[in-house]
Amino acid sequence: MSFILSSGAADMAMAWQTLSASQRSTIKQQYQAAGIKLLVSAFGSTETPTTSGKDPQQLASTMAAWVKQYGVDGIDVDYEDITAMNKADGKAEQWLIDFTNALRTDLPQGQYILTHAPMAPWMGSGTQWTSGAYVTVNTKVGSSIDWYNTQFYNQGASEYTTCDGLLTASSSNNPKSSVFEIEANGFELNKIVIGKPGSTGTGDASNGQMSTGTLAGCVSQAKGKGWNAGVMSWEYPDANSQWITAVRGSAYPIDGSSDSGSSGSSTSTADAASPTSVGSSGGSSTDAASPTSLGSSGSSTDGASPTSSSSTSADSDSASPTSLGSSSSSTPDGASPTSTDADSGSTAASTDAGSVPTSDSSSPTSPATSASTAASTGTFNNGMWTPSASTATFNNGMWTPTTAPATTVATPVPQRREERTIHRMVRRRGFPVP
């Protein structure tokens, strides 16, 4: 679900927060029955926590408390403070290390899912990041991160658009940042989830698009080389069940059989609205029906447990689920899943184009202690949660309750940032079946 910000819940995370405890419990039971986990996405392209001087330990404690209070299975860190990272003075890396360690203190591994969604170049060896970017983060706290929802998009018109560029030899613009080159940089191969736009147009991302057929071919090639992490996509509804089926292709067919004999991979997609996961950007497993999430980030996993730091974290089922929150993940079930993360605001702001995300000037505050009972009701059909038309509307990639909450939250609700070029409400990721 998107988002949890330094100022509190926003967008779909706020929609989840305003549901009554019984409504959240009912929905979570449906997801659990389908093998789906629900994650909340933190930050996105509109927050610059390091540049804004947010305290990482305090903020992690506040966000972890929200995860526990509202019954979420984990958190996806969509850190996009480009200004801080581009300074290459080590402060961005140390902020992320401290934030991750603090999250893990409050959200123990094996009990909660913790993922990150870095831009692919930050996992490479670009000379502009002499302090290491995510290579340093991975060295210090990689064992605490269940997997990486890697953004192989919004990094340049021709970047990561061929199987060679995506898997084995990225361009000199973003050196050593393809999947297997990232592995060589010290990352666990089966934590490197491939993130791609769900549309071949520019509706989901500025660039980095691939046809489903081409991407399926790349997935098959990667699987043949021992990769089994899964695919994440931004966003639903472009990355719907048909997209997931096509990307899984013959390497990870929905029926669970594989033409190569190795375990299946996961696919996840993110949308601007409810997330669906066949695998996930977080780590959850998906079942035969794909759930959609009302929030921004969601992922699903199947046959593997997403909480293990050494695993790809999850795999998905035959259909992609979406979660009602911005970030969803699902637990293993017998097929390779794809999950959708409606990942908080943006999963991959370009390092060479577009404006630097603006920071949220408000200081971290603890979430409200009570939730509204006036949130929308809806139906769970064919793996998807849909709010009723009378109580919620779907506009510009997001579900919005039409009934005002009966209880006012303790902190102001941030307005949706219009400067976001991509309104990412859901990201899906799928995982292989062992």
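Structure above, values below:
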quantity: Within the range 171-198, considering residues that are among the acidic types (Asp, Glu) and open to solvent by 40 Å² or more (accessible area, probe 1.4 Å), the one farthest from residue 158 (Cα to Cα); calculated: 188
quantity: Number of the condition not met by residue 117 [criteria: (1) over 25 Å from residue 188 (Cβ atoms); (2) open to solvent by less than 10 Å² (accessible area, probe 1.4 Å); (3) of a type in the set (Gly, Ala, Ser)]; calculated: (1)
quantity: Test: residue in the range 88-95 that is within 29 Å of residue 120 (Cα to Cα) and under 18 Å from the mean Cα position of the chain (by Cα); calculated: no
quantity: Lone qualifier among 111, 128 - being open to solvent by 10 Å² or more (accessible area, probe 1.4 Å) and at pLDDT 95 or above; calculated: 111
quantity: Boolean, residue 53 is small (Gly, Ala, Ser), surrounded by fewer than 16 Cβ atoms within 10 Å (Cβ to Cβ) and over 19 Å from residue 134 (Cα atoms); calculated: yes
quantity: Qualifying position, being in contact (Cβ under 8 Å) with a residue 40 or more places away in the chain, buried (at least 24 other Cβ atoms within 10 Å of the Cβ), of a type in the set (Gly, Ala, Ser) and assigned to a helix (DSSP H, G or I), among 102, 92, 65; calculated: 92
quantity: Flag for residue 42 being under 14 Å from residue 76 (Cβ atoms), at pLDDT 95 or above and part of a helix (DSSP H, G or I); calculated: no
quantity: Conditions (1) under 20 Å from residue 251 (Cβ atoms); (2) open to solvent by 20 Å² or more (accessible area, probe 1.4 Å); (3) assigned to a helix (DSSP H, G or I): number failed by residue 161; calculated: (3)
quantity: Every residue from the range 167-183 that is farther than 10 Å from residue 120 by Cα and among the aliphatic types (A, V, I, L, M); calculated: 167, 169
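The values are calculated or read from the model by the stated rules, or taken from the named source; none is laboratory data. On a predicted model such as this, the values are computed, not experimentally measured, just so you know. Every residue, glycine as well, gets a Cβ built from its backbone with ideal geometry; the counts of neighbours run over all protein chains shown. When the accessible area is computed, the model is the full protein with side chains, heavy atoms only, and any ligands, DNA or RNA have been set aside. Shrake-Rupley method; radii C 1.70, N 1.55, O 1.52, S 1.80 Å.
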